[in-house]
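Undergrad: Can you read through this structure? Questions will come right after.
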Amino acid sequence: MNWVTTHFGVEADGVNDLVELALRRNPKRAHLLVSSVLGKHVPTDPRVVHAAGLRLGRAVAAVLERPPGLVLGYAETATGLGHCVAEAVDAVYLHSTRRQADTIEAAGTFEESHSHATGHLLLPEDPALLVRPGAVVLVDDELSTGATALNTIAELHRLRPREQYVIATLVDLRSAADRAAMATRAAELATSIEVVALASGTVQSPADFPGRAAEFVAAHRPSDLPERGTATVTAVPTTWPAHVRDGGRHGFTPEDQRAASVAARAQAAAILPGGPRVLVLGTEELMYAPLLIAGALADRPGLTVRFSATTRSPVLIVDEPGYPIRTGVQYDSVEDGTVRFAYNVAAGCEGSFDDIVVVTDQPAEPTLLEALRPVTERVHVVTLPSHRPLPPVLRGPAFGSYAADEVGWLLTDLSDVELEAPTEEREEAVQSGGAHYAESLPIEYQPTAEYQQLFATALAESAGRLAHAVGVVTELVLDRRGPGVVLASLARAGTPVGILMRRWAQFAHGLDVPHYAVSIVRGRGIDQVALRHLAAQHDPSAVMFVDGWTGKGAIARELAAALVDTPFGADLAVLADTGSCVDLYGTRVDYLIPSACLNSTVSGLVSRTVLNERILAPGRFHGAKFYKDLAPADVSGAFLDAVAARFPEVASEVARDWPALRAADRTPTWAGWAEVERLSAAYDVGSVNLVKPGVGETTRVLLRRVPWRVLVRPDATADLRHVLLLAEQRGVPVEAVQDLGYSCVGLIHPLHRLTDG
């Protein structure tokens, strides 16, 4: 007979084959039902655990009217069980979590009032997961009153009303009043709520049980385990592929399940126990992948394998026959400082383990490993690549003034963060090494009426040749990547060009080309999280990176270096290759691209990108701001429309010119880099980074840096009216230079000249 029944008179009727009673250190509920088939608190044959979950899943399938839209499991005890049910019904799976994610917002929350940790988060990577059509199956290891399930159903029903909910549980312990309350709630929601269980029964306890149990728990002190041990701790080589999801915290499809089964068998093959008795220990919510690994290991001849997992639940340890929790270790979690437990990992009901295999989805808690060393001979650590949800793609009009289908911004919205600093202050910090230029933003230049008129005039005069260059470079890109090309413009100068290229592909070929804007930072590389997004959504070999122009080629070099050993091609397509740095371009002539004349007001009202680790948490995209307040001055759409309107008149010229350019020698000469090195030495500026060649780069110097002087080629001044106006407004000397390799060059004020006055 169960120890709790003998000592306290508590009886569990009808469910004795599946659970045993224990006491727990929780004032909300004195007893704990310890499942014999769950593999959470009691080490269990993984094949028994898996079979019980699949059996529950088959019982669910029998009552479903049609395939379910979603199976939802509860953290932390039922995450693995929910996986098994989803596997049985071949459905999409999600489990609740108590682990926050920096990259996504919670799509829903609910409370489990009797739990040791009450709050549950729903964090699907795709929020649409919660509104999929079809029934929802809720999976928990026990159903005591049904209150938690009803809380969940209320949250899900708020998101999307459904005709059917199924609650699947190992044991159903509801009273008649609980069952009536659930039926009433179903009627109120005009839905069906059915319960499926492997066993149904009741838990009966004397009226004085809570008080007596609390007194016993307070007075009882379990036997101490040795504080220090000599077990070896070994890291097992990780064979689990990075693209295979480790669990359902952020969503898990049937395809993910099949991939995980294959990955688990391969991972099990890398584990080499030294003795015959092996425990595979999952970690909190991570239960299904360790269960699959344990199951594969159990098929190995000569091994006796058991499976369980760590937990937050504080269960009383009583080392006496008939009590299910005989031993336990505890440790302080590095994650949040609270206590975690692992039960019966020492000499418990079945004896000790020769080897304990800890399976985790993040660096293993050193405190857990130390706690295990006294109770076994060997500890093996398997660290699975944890699936990290990708941040959401930003689109207009919520972010930026471009239409939603024109571009998806792979950026973090920092609109509410104060990032602007005075230009001189920023310049001194950047040049002195005290800060990186991408850690802050310049104050946005507000153009005068005269300057705005210059922009309008320049756009009217150059729209035709811009349209021609857009057509030529787009045709070259389609020729290289094919009709399945994906454009990834380098925010923000590349983004208007990427939109125009997308429009040309639609105009000339009827193609709907995906287009994203990504951040690249000189000296820091391209946004790796953005690359993860692109690789997750598209074939990396189809991606083409796009920029507005090349100056000396620093960004082209940065891109090439950042993409080494990645599946992405490092080629870069630009409208104007003024530095002869790439082989995909619309022109190599250094003329005015009007989108270079302005800042955010010609770039969808989006700032230059920001990479500041004090603001951006790991796993987030680089950041940018959306300047909504500048909407009255926004000419982003006018610029695009003016250029696209000229597509029909240049189409025949593009059809003639791009094949000739394709056949020509377009090998980069890097002449621009050589010119910059020459000018850097001639003007003693101390760094090539202070020399900004070409119309676009010179404009940037005048708009957001501290300019020292502007060099212009005399024969190009007709195309430089906006540069000359900006220089006049800022009091920057203009110097005519014969045989200059560019139309103009901007020199940033060197720090030594700033400090010398």
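The values are calculated or read from the model by the stated rules, or taken from the named source; none is laboratory data. Everything quoted here is computed from the prediction, not taken from an experiment. Note that we place each Cβ from the backbone using ideal geometry, even for glycine, and neighbour counts take in every protein chain shown. Side chains are part of the model used for accessible areas, which takes the heavy atoms of the whole protein and leaves out ligands, DNA and RNA. Shrake-Rupley method; radii C 1.70, N 1.55, O 1.52, S 1.80 Å.
Undergrad: Run the numbers for LEU511 and VAL334: contour at 0.36 nm per residue of separation, minus the present Cα-Cα distance, in nm.
TA: Working: separation 177, 0.36 × 177 = 63.72 nm, distance 5.09 nm.
This chain segment gains 58.6 nm when fully extended.
Undergrad: Next question. Can you give me the Rg/Rh ratio for region 269-393, using Cα atoms for both radii and the Kirkwood formula for Rh? All intermediate terms of the calculation are to be shown ahead of the outcome.
TA: Values: Rg = 15.0 Å, Rh = 15.2 Å.
Ratio value, two decimals: 0.99.
Undergrad: Take ALA214 and GLN528, extend 7 Å from each Cα along the Cα→Cβ direction, and tell me the distance between the two endpoints in nm.
TA: The modelled label-to-label distance comes out at 5.1 nm.
Undergrad: All other residues with a Cβ under 15 Å from the Cβ of ALA644 taken together, and with Lys, Arg as +1 and Asp, Glu as -1, what is their net charge? Working shown, then result.
TA: On the way: positive: ARG465, ARG502, ARG503, ARG646; negative: ASP405, GLU406, ASP641, GLU649.
Taking every other residue near ALA644 into account, the sum is 0.
Undergrad: Going from the alpha-carbon gyration tensor of region 49-202, what semi-axes, largest first and in whole Å, does one get by taking the root of 5 times each eigenvalue? Mind dumping the intermediate values first?
TA: Working: eigenvalues 86, 61, 56 Å².
Semi-axes (√(5λ), whole Å): 21, 17, 17.
Undergrad: Sticking with this one: Taking a probe of 1.4 Å, how large is the accessible area per residue of region 556-600, in Å²?
TA: Working: 1240 Å² over 45 residues.
Each residue of region 556-600 exposes 28 Å² on average to a 1.4 Å probe.
Undergrad: If you don't mind, another one. Under a point spin-label approximation (7 Å from Cα along Cα-to-Cβ), what is the ASP319-ARG614 distance to one decimal in nm?
TA: Taking the two extended label points, one gets 5.3 nm.
Undergrad: On full extension of the chain, what length is gained from ASP405 through ARG66, given 0.36 nm per residue of separation minus the C-alpha to C-alpha distance?
TA: Details: separation 339, 0.36 × 339 = 122.04 nm, distance 3.48 nm.
Fully extending the segment from ASP405 to ARG66 adds 118.6 nm.
Undergrad: Using a Förster radius of 51 Å, what is the FRET efficiency between LEU54 and ASP416 based on their Cβ-Cβ separation? Nearest 0.05, please.
TA: Values: r = 48 Å, r/R0 = 0.95.
So the FRET efficiency works out to roughly 0.60.
Undergrad: How much of the accessible area of the chain, probe 1.4 Å, is carbon plus sulfur, in whole percent? Don't skip to the answer; put the middle values down first.
TA: Details: 15140 of 29220 Å².
Answer for the chain: carbon and sulfur cover 52 percent of the accessible area.
Undergrad: Next up: Assuming a viscosity of 0.692 mPa s and a temperature of 37 °C, what translational diffusion coefficient in µm² per second does Stokes-Einstein assign to region 560-695, Rh being the Kirkwood radius over Cα pairs? Don't skip to the answer; put the middle values down first.
TA: On the way: Rh = 18.6 Å.
Rounded to a whole number, D works out at 176 µm²/s.
Undergrad: A follow-up question, please. Tell me the relative contact order for the chain as a rounded percent, counting alpha carbon contacts under 8 Å between residues six or more apart. All intermediate terms of the calculation are to be shown ahead of the outcome.
TA: On the way: 1628 pairs, mean separation 80.0, N = 757.
Normalised by residue count, the contact order of the chain is 11 percent.
Undergrad: Further question on the same structure: Provide the per residue accessible area, probe 1.4 Å, for region 137-285, rounded to a whole number of square angstrom. Provide the component values of the computation, followed by the final result.
TA: Details: 6880 Å² over 149 residues.
Here the per-residue accessible area is 46 Å².
Undergrad: Taking each pair of distinct Cα atoms in the chain once, what is the resulting Kirkwood hydrodynamic radius in Å? Mind showing how you got there, number by number?
TA: On the way: mean 1/r = 0.0337 Å⁻¹.
Evaluated on the chain, it is 29.7 Å.
Undergrad: According to a simple spin-label model (label point 7 Å from Cα along Cα-to-Cβ), what is the distance in nm between HIS538 and ARG678?
TA: Roughly 3.8 nm, to one decimal.
Undergrad: Hey, another quick one. Given Cα positions, please report Rg to Rh for region 219-281, the hydrodynamic radius being the Kirkwood one. Present the calculation step by step, with values, prior to reporting the outcome.
TA: Working: Rg = 17.5 Å, Rh = 15.2 Å.
Here the Rg-to-Rh quotient is 1.15.
Undergrad: Averaged per residue, what accessible surface does region 360-429 expose to a 1.4 Å probe, in Å²?
TA: Numbers: 2920 Å² over 70 residues.
Value for region 360-429: 42 Å² per residue.
Undergrad: Now for a different question. How high is the FRET efficiency between ASP665 and VAL688 when r is their beta carbon distance and R₀ equals 25 Å, given to the nearest 0.05? Write down the numbers at each step before the final one.
TA: Working: r = 26 Å, r/R0 = 1.06.
FRET efficiency, ASP665 to VAL688: 0.40.
Undergrad: How long are the semi-axes of the equivalent ellipsoid of region 457-567, taking √(5λ) for every eigenvalue λ of the Cα gyration tensor, in whole Å from largest down? Mind dumping the intermediate values first?
TA: Values: eigenvalues 111, 67, 25 Å².
For region 457-567, the ellipsoid semi-axes come out as 24, 18, 11 Å.
Undergrad: If you split all Cα-Cα distances of region 141-218 into 10 Å bins from zero, what percentages do you get per bin, shortest first?
TA: 17, 41, 26, 13, 4
Undergrad: Still on this structure, please answer the following. Given a Förster distance of 60 angstrom, what is the FRET efficiency for ALA207 paired with LEU159, based on the Cβ-Cβ distance and rounded to 0.05?
TA: Computed FRET efficiency for ALA207 and LEU159: 0.90.
Undergrad: Tally the DSSP beta bridges in region 653-757 and give the antiparallel ones as a percent, rounded to 5.
TA: 75 percent
Undergrad: Please work out how much length the chain gains when fully extended from ALA269 to ARG395, using 0.36 nm per residue of separation minus the C-alpha to C-alpha distance, in nm with one decimal.
TA: Details: separation 126, 0.36 × 126 = 45.36 nm, distance 4.51 nm.
Net length gain for the segment: 40.9 nm.
Undergrad: If you don't mind, another one. Show that you can apply the helix-only estimate: for the chain, add -39,500 (n - 2.57) for every DSSP H stretch of four or more residues, divide by all residues, and state [θ] at 222 nm to the nearest 500.
TA: Numbers: 20 runs with 248 residues, N = 757.
Helix contribution divided over all residues of the chain: -10500 deg cm²/dmol.
Undergrad: Put +1 on the Cβ of each Lys and Arg and -1 on the Cβ of each Asp and Glu in region 413-553; which of TYR437, PRO422, PHE545 then has its Cα farthest toward the positive end of the dipole?
TA: PHE545
Undergrad: I would also like to ask the following. Students often check this: by mean Cβ neighbours within 10 Å, which of 361-373, 201-213, 494-506 ranks highest, and how do the rest follow? Present the calculation step by step, with values, prior to reporting the outcome.
TA: Details: 361-373: 18.7, 201-213: 14.6, 494-506: 25.6.
Output ranking for 361-373, 201-213, 494-506: 494-506, 361-373, 201-213.
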